[in-house]
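Computed from the coordinates by the stated procedures, all read-outs in this text should not be read as laboratory data. Please read all numbers here as calculations on a predicted model, not as lab measurements.
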Amino acid sequence: MIDDRLFRTAMGKFATGITVVTSHIDGEVRGMTVNAFMSVSLNPKLITVSIDEKASMYDDLQKVGRFGVSILADTQKDLSMIFAKQKEQDKEIEFEDADGVPVLKGSLATLACTVQQTVKAGDHVLLIAEVTDVQVSEGDPILYFSSSYRNIENT
């Protein structure tokens, strides 16, 4: 049997970008930090996010059917921490509209998504969603590796 901590440590050796998934829920914008994000298909344009069943947005995201994904820039570490509940919100968060869903202003890329399928996978659900809008900006990403935030070092 594989120890939970060992498995987490091994998965932490895979450097990932960081996204914040946002949606309108009960009349307000809610969001959460997600690093389990990937592109699935070019035709149709599909992405997947993996949401822990213990996450406060677990049920909500399955019900609302639409959400935004903001791929964070290296200047947005504080937003990642706020949406991961690692830090208290200490400033107003600026959102933009992307095809009817909220996304974070200043992100490297934003996607508006419509859920096409949900797949229960252990203690998570995979939301497979079609991308209905894309915006791209210049900059470098914030990364997550071995349980800490990292930046790309250009040499």
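What the table below lists for this structure:
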item	result
Mean-position separation - Cα centroids, segment 72-126 and segment 1-45, in angstrom	10 Å
Residues whose placed amide H lies under 5 Å from that of Ala73, excluding near-sequence neighbours	Leu108, Ile142
Rg over Rh, two decimals, the chain (C-alpha only, Kirkwood Rh)	0.95
